2 protein chains.
Amino acid sequence: MSHPVSPLAPKTRPVLPPIEGIALATAAAGIRYRGRTDVLLARFDRGTTVAGVFTRSKCASAPVEWCRAKLKGGKARALVVNSGNANAFTGRSGREATKLTAELAAKALGCRPADVFLASTGVIGEPLDATKFGGVMDDLAARADPAAWTEAAEAIMTTDTFPKLATAKAMLGGVEVTINGIAKGAGMIAPDMATMLAFVFTDAPVAAPVLQSLVSRAVVDTFNAVTIDGDTSTSDTLIAFATGAAAGRGAPRIDRTGDRRLAEFRRAFEAVLADLSEQIARDGEGARKLVEIRVEGATSKKSARRIAMSIANSPLVKTAIAGEDANWGRVVMAVGKAGEPADRDKLSIWFGGIRVAHRGARDPDYDEKAVSEVMRKPEIALKVDLGLGNGRDRVLTCDLTKEYVAINGDYRS
Amino acid sequence: MSHPVSPLAPKTRPVLPPIEGIALATAAAGIRYRGRTDVLLARFDRGTTVAGVFTRSKCASAPVEWCRAKLKGGKARALVVNSGNANAFTGRSGREATKLTAELAAKALGCRPADVFLASTGVIGEPLDATKFGGVMDDLAARADPAAWTEAAEAIMTTDTFPKLATAKAMLGGVEVTINGIAKGAGMIAPDMATMLAFVFTDAPVAAPVLQSLVSRAVVDTFNAVTIDGDTSTSDTLIAFATGAAAGRGAPRIDRTGDRRLAEFRRAFEAVLADLSEQIARDGEGARKLVEIRVEGATSKKSARRIAMSIANSPLVKTAIAGEDANWGRVVMAVGKAGEPADRDKLSIWFGGIRVAHRGARDPDYDEKAVSEVMRKPEIALKVDLGLGNGRDRVLTCDLTKEYVAINGDYRS
């Protein structure tokens, strides 16, 4: 919170409209931070469906384990998110803390603990004192407000330099529905963990299995296509809640994934996720450049993704971009180490639309001055054509700066 | 070359003894650097066997492709190494440059081009003007000296801050044989590529297939167990040459990999490779700490290796160590993201012998002050016990400092 706002932050912040069936409140429970909110309660009307995806870490946090188990019911009445303590690697006390938090929220809202979803972000390995939520939960339930989206996004921040919000409208069977999203990004400060948390809310009447299908599909090219440093939090969480309130205005209930009426909604849903995930890349620790990496001509999309991620996570590529150096040799290196089919003599590379390498050698025609200008911009597009097939993909990342090392390494100096 | 010597450099430098059948010479061919040597010629007597392993990159350099092809013959008469230009990603001109270099050396030494092995390190993507070797090759052949090991190690340096040399003796069938090695490390400066080059030389009479088996086996826990930043050069090369001259002193000719007389030689051979590879970790760019990562209790050695590499390549772990912070939460994160079997609640972690986390939670007994002292040292031992099986492994790495970013990113600022 003490870091200046990322130079890559969006210039404007959207105002999120209310969504029928959802009310939000935040409070300062004193988990770790002083002088700021650190707990969010979102209350959902009866009938709200839920779906989610979580970290692939084998050492997932206690709240992630809680949510995975409760997701099977497909119903949600509340979401409680705290910042300041990730409740990760906390053993049995971690499980007890999740149970207590859910019980406190359930009591305040008059629902079952199993209908309460949880996420925590912050310090890892320290017990979370969930009794602190007891002092604020009734008040949160009483104050819950359909308009408190910005406050919600602020309460879940850790080292994020700006709150992340996105919204979209879509027509569903002739009725306008709303999709709102909030997220926090990969900000870490010792001993805080990077945690990507994102929550998406809609009034569309979408059955839980359909919502799950939407989330699982949309995450592939949004949150899963963003990388800051290749590290994966034990707490990464994306949960979507659908109140179904738009059914009262005539929106059709969608029970089948293949329902064609879902098409526009799906696009809007993916747009919200894409917006939030790009904001996360824009708030990468120490980031000064947003980097879009496109890989074309791979043998498959999967292969293109692996090569794009190999480039995006290469410290040498990332430091070169920080240094405003169109160092395509390092891009070749990152392609080569990905372990995917690649033929050096068919490889071409572009920075900002300027081809710098062509079919296995430096492009003799490229204008170094023009490339230098491209590299000075805050947003850099890097494209690789492997010349092998039709597989293509795109990932977003940021540069690796001394500030990243300072944020993550300067605790004792 | 302009960077100060790594604080982790060995305090003493070994003097390598001559090896019968080998003579070395270096020269300044003016490939890129001024005022220093940049080409090494090693001459081998007839009957020298050769074996090697090379980068796994799919975009290997022209010299790597040359060596891979020539290795099939199993015989070597010369090695030519240049620094300043990697002859990588140079297309057809790269292939022509390797051919010309081999022809020039072959002419000077009176051997076949196919018996000349090549390695190049330096700038990538720029044509290598191999005609420059023509001006120095005859002189190199004439001046070749059995004692010029330090000069050889110096000529192949790029951004290495110290030359890397190692030597060992072993008894082979009652006769003393010698193993010498030189290497250069993962030093990169734009647009230079990281390139790990290592060359090992012995007078032991070892048939080429046996030598290949020795190299392939020894590399697993030495060069392949070292990582600086997870990036893989297009030029990584390890070649071993065995003149067999010790046969003249009664050493037995070893034609079978399983020959028991090879045991002591094998240990000495591995020790030379281990020594050189540790020196490479000690000269990681910007490194201020040498980090040994041991993983125990994994389901297999392969799984332990993957987890150790996930920890060793994690920017968050590496920056924490740079910050002298025993941030075991990030170690948990790196274990969790490795994709290998792991159970959070069985995980224990030690820094410098002090257990900081035990079975899924912070160790309540650990002394923070003692851990802080451990973290201030230049060499840090990190151990993880997964508590699942008997698989164990060890890798070496270094910390990630602002200096790394500066070396690799500060070209234009």
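A compact table of results
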item	result
Point-charge dipole on Cβ atoms (K/R +1, D/E -1) for the protein assembly as shown, about Cα centre, debye to 20	1800 debye
Label point distance in nm, B:Glu379-A:Lys301, each placed 7 Å from Cα along Cα→Cβ	5.1 nm
Exercise: per-residue mean of other protein chain Cβ atoms within 10 Å, B:217-230	1
Length added when fully stretched, B:Asp255-B:Asp129, from 0.36 nm per residue minus Cα-Cα	41.4 nm
Protection-proxy order for peptides A:129-140, A:225-236, each taking the mean of Cβ atoms within 10 Å per residue, highest first	A:225-236, A:129-140
Residue among B:Ser93, B:Cys111, B:Ala42 farthest towards the positive dipole end of segment B:4-123, charges placed on Cβ	B:Ser93
Residue pairs, from the table A:Lys318/B:Lys337; A:Lys402/B:Lys318; A:Lys184/A:Lys301; A:Lys302/B:Lys337; A:Lys302/A:Lys337, whose Cα atoms sit over 24 Å apart	A:Lys184/A:Lys301
Residues in segment B:372-413 occluded by at least 50 Å² - accessible area, probe radius 1.4 Å, against chain by itself	B:Lys402, B:Val405, B:Arg412
Derived scalar couplings ³J(HN,Hα) [segment A:111-123; Karplus, 6.51 cos²θ - 1.76 cosθ + 1.60; whole Hz; x for Gly, Pro]	10, 8, x, 5, 9, 9, 9, 9, 8, 9, 9, x, 4
Other copies of A:Val5: label-to-label distances in nm, shortest first, labels 7 Å along the beta-carbon direction	5.1
Number of partner chain Cβ atoms within 10 Å, mean per residue of A:343-350	3
Solvent-accessible surface (1.4 angstrom probe) belonging to A:Lys75, in square angstrom, nearest 10	100 Å²
Amide H partners (placed H, <5 Å) of A:Val356, local residues excluded	A:Ile349, A:Trp350, A:Phe351
Stokes-Einstein D in µm²/s, Kirkwood radius over Cα pairs - segment B:298-413 at 20 °C with 1.002 mPa s viscosity	145 µm²/s
Relative contact order (%) - chain A, alpha-carbon pairs under 8 angstrom, separation at least six	18 percent
Cβ neighbours within 10 Å from other chains - mean over A:52-58	4
Loss of accessible area when B meets A, both sides summed, Å² nearest 100, probe 1.4 Å	5200 Å²
Loop-located trypsin sites (Lys or Arg not before Pro) in segment A:1-63, at most 10 other Cβ atoms within 10 Å (DSSP)	A:Lys11, A:Arg34
Kirkwood Rh (inverse of mean 1/r, distinct Cα pairs), chain B, angstrom	22.1 Å
Assigned charges on the beta-carbon of Lys, Arg, Asp, Glu; segment B:210-321 dipole about Cα centre (debye)	460 debye
Rounded to 5, the percent of DSSP beta bridges in the protein assembly as shown classed as antiparallel	70 percent
Relative contact order (percent, whole number), segment B:80-177, Cα cutoff 8 Å, 6+ residue spacing	32 percent
Closest Cβ on chain B to the rotation axis that carries it onto A (distance rounded to whole Å)	B:Lys402, 2
Residues whose placed amide H lies under 5 Å from that of A:Gly84, excluding near-sequence neighbours	A:Thr121, A:Gly122, A:Val123
Cβ charges +1 (Lys, Arg) and -1 (Asp, Glu), total dipole of segment A:70-208, debye	540 debye
Sparsely packed GluC sites (Glu not before Pro) within segment A:273-344, loop by DSSP, other Cβ within 10 Å at most 15	none
Within the accessible area of chain B (1.4 Å probe), percent carbon and sulfur	48 percent
Per residue accessible area of the protein assembly as shown, 1.4 Å probe, in Å²	36 Å²
Label spacing, shortest first and in nm, from B:Gly73 to its equivalents in the remaining copies (7 angstrom along Cα→Cβ)	7.5
Chain A: angle of helix A:263-282 to the longest principal axis, Cα-based, in degrees nearest 10	70 degrees
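The values are calculated or read from the model by the stated rules, or taken from the named source; none is laboratory data. Computed from a prediction, not measured in an experiment: that's the story for all the values here. Because the Cβ atoms are built from the backbone with ideal geometry, glycine has one as well, and the counts that use them run over all protein chains shown. When the accessible area is computed, the model is the full protein with side chains, heavy atoms only, and any ligands, DNA or RNA have been set aside. Shrake-Rupley method; radii C 1.70, N 1.55, O 1.52, S 1.80 Å.
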